[in-house]
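The values are calculated or read from the model by the stated rules, or taken from the named source; none is laboratory data. All figures in this text were calculated on a predicted structure; none of them were measured in a lab. Cβ coordinates were reconstructed from backbone atoms using ideal geometry, including for glycine residues, and neighbour counts include every protein chain displayed.
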Amino acid sequence: MKFARVVYEGVVRTARERAGQLLLDDGGLVPFDAVSWLPPLNPMPQPRTILALGLKYADHAKELAFKAPEEPLVFLKGENALTGHRQFTRRPAGVEFMHYECELTVIVGKTARNVKRSDAYDFIGGYTVANDYAIRDYLENWYRPNLRVKNRDGATPLGPWFVEAADVPDPMTLALSTTVNGKVTQSGNTRDMIFDVSFLIEYFSSFMTLRPGDLILTGTPDGVVDCRPGDVVVTAIEDIGTLENRIAVDREIGI
Amino acid sequence: MSFIPAGTVYGTLLNFRGELEALGAKMNEPPYKAPPKAPVLYIKTANTFSTNGTDIPVPARVPQVEVGATIAMVMKAPGEVAGYVLMNDLSVPHASFFRPPVNFKCLDGFLGIGGKLVTAEEAGDPSQFRLEVRINGELRQTVHFANMVRDAHALLAAVGEFMTLAAGDALMLGCGAGRPLAKVGDRIELRCDSLGTLSNTLVAAA
């Protein structure tokens, strides 16, 4: 099963897909474009932990002229960074290089502490797609990638669907791709991750407790390009979803 | 009830003049190559939250813990501060600030918080805050918030340029230089006249 969270007529609802439309939790059936999509996440009692990986694919590490890391390069985000499917992300005026990153995202299903790699999949609730935009103009070498690059409001689209783990027998053989205005600019496969999903669950849970609803954005493969105002960026992962976003300039959003 | 933040907790590195002086010329050398322009932030995840008076577990592989005594602004709305609270931002000591410090700063329990949120009006001017750190009763550090690089107002403005701090989010003002080290068995007490006392004891993790 998979579900979405949407706003329809001013009310937040969970929804499932039915015959190319959305079946809302009140029984209504509406087209995809009749709603505003939110990240497919239930609220949590405490602030959500959002872990993200850098240099996670061998080819992306090469592209950025770094050697493949010996331990994961990890950074964190706040919930302000998240936005839903079919929303926009701001490209500030004067920016030279803003790129997408198509990433398989793990949603933790059970409280995880000192989990062994062989048991890791028992702790995964589901998966979704993230587009972890970066604005490289703002990179600084202090706690890099710094939050000005990676924690901007609405610069991490997530969705459209929460796909339950049971529906994804092997998350390590999924094709990823990104298109910009319909042209394929990035393609890869989760099998090329340097640190796979089970390793990451073991690694993180060895020093911090993960709770249901926490996220792990697992990094992106080769093929990031600059995105211009008005571009429609579609990040897709086989069996997980197709996440659409549009690049907006300041004047469109009243800045 | 001891205060617990409802939103994301952000920390600030290098917001005290003493921290910059300690790094000196190193800031221009690799891997940093230049002093920071924007505020250098990090996140303390919810698994780190420890209320006032609770024990904080330290894994056996961590012989010493760095005490990051600070005060956090807690937001009422974007750009508007509800109040201030003491925070003890514990870290596994680390010399390099090049990569995000998740595995040094986000261990379970590694953020003492509290005991209470004091309103902005009651707390007074953050640049006048003075914070004393005692370990087992002995004074080990005094943090003068007059030494901030960006004062509370300027820090909020600089952070707000690239991200929104929403209601319930918290932003630490920075930890000062000369941070003391502590070990299992130590009782760490932070005290500020207008904000009260935050006390936690380090214990061996089960």
Task: A:R148, sole failed condition from (1) within 30 Å of A:M1 (Cα to Cα); (2) part of a helix (DSSP H, G or I) - done: (1)
- [ ] Tell me which residues, restricted to the stretch A:120-142, are aromatic (F, W, Y), out of contact with any strand residue (DSSP E or B) (no Cβ under 9 Å at 6 or more places or on another chain) and within 14 Å of chain B (Cβ to nearest Cβ).
- [x] A:Y138
Open item on the list: The conditions are (1) in contact (Cβ under 8 Å) with a residue 24 or more places away in the chain; (2) within 14 Å of chain B (Cβ to nearest Cβ); (3) over 27 Å from A:E202 (Cα atoms); (4) surrounded by fewer than 16 Cβ atoms within 10 Å (Cβ to Cβ), and A:M98 fails exactly one of them. Which is it?
Closed with: (4)
TODO: Can you tell me which residue within the stretch B:154-178, out of those that are assigned to a helix (DSSP H, G or I) and among the small types (G, A, S), is nearest to A:P92 (Cα to Cα)?
DONE: B:G160
Open item on the list: Report every pair of residues separated by at least 6 positions or lying on different chains whose Cβ atoms are under 6 Å apart, first residue within the stretch A:39-50 and in contact (Cβ under 8 Å) with a residue 60 or more places away in the chain and surrounded by 14 or more Cβ atoms within 10 Å (Cβ to Cβ), second of a type in the set (S, T, Y) and not in a loop (DSSP other than H, G, I, E, B).
Closed with: A:P40/A:T128
Task: Long-range neighbours under 6 Å by Cβ, at least six apart or interchain, first residue over 26 Å from A:R13 (Cα atoms) within the stretch A:150-171, second β-branched (V, I, T) - done: A:P171/A:V197
- [ ] Looking only at the stretch A:3-12, count how many residues are in a strand (DSSP E or B) and surrounded by fewer than 20 Cβ atoms within 10 Å (Cβ to Cβ).
- [x] 4
TODO: Would you check if A:P145 is under 21 Å from A:G78 (Cβ atoms) and within 14 Å of another protein chain (Cβ to nearest Cβ)?
DONE: yes
Task: Subset of the stretch B:37-55 (residues that are closer than 17 Å to A:E140 by Cβ, in contact with a strand residue (DSSP E or B) (Cβ under 8 Å, 6 or more places away or on another chain) and either facing chain A (nearest Cβ under 7 Å) or among the aromatic types (F, W, Y) (or both)) - done: B:V40, B:L41, B:Y42, B:I43
Task: From the options A:V197, A:V149, A:V163, A:V115, residue that is in the same structural domain as A:G84 (by TED's automatic domain parsing) and touching a Leu at 6+ places or on another chain (Cβ under 7 Å) - done: A:V149
Open item on the list: I'd like the full set of residues that are within 14 Å of chain B (Cβ to nearest Cβ), among the small types (G, A, S) and over 24 Å from A:T83 (Cβ atoms), limited to the stretch A:188-226.
Closed with: A:S205, A:S206
Task: Lone qualifier among B:V133, B:V203 - being surrounded by fewer than 20 Cβ atoms within 10 Å (Cβ to Cβ) and assigned to a strand (DSSP E or B) - done: B:V203
Open item on the list: Just the residues that are not small (G, A, S) and not in a strand (DSSP E or B), please, taken from the stretch A:85-110.
Closed with: A:H85, A:R86, A:R91, A:P92, A:V95, A:E96, A:F97, A:Y100, A:E101, A:K110
Task: Members of the stretch B:151-206 that are away from chain A (no Cβ under 14 Å), within 16 Å of the chain's Cα centre (by Cα) and among the charged types (D, E, K, R) - done: B:D151, B:R179, B:E189, B:R191
TODO: Considering every residue within the stretch B:70-81, establish whether at least one is more than 10 Å from chain A (Cβ to nearest Cβ) and without any contact (Cβ under 8 Å) to a residue 40 or more places away in the chain.
DONE: yes
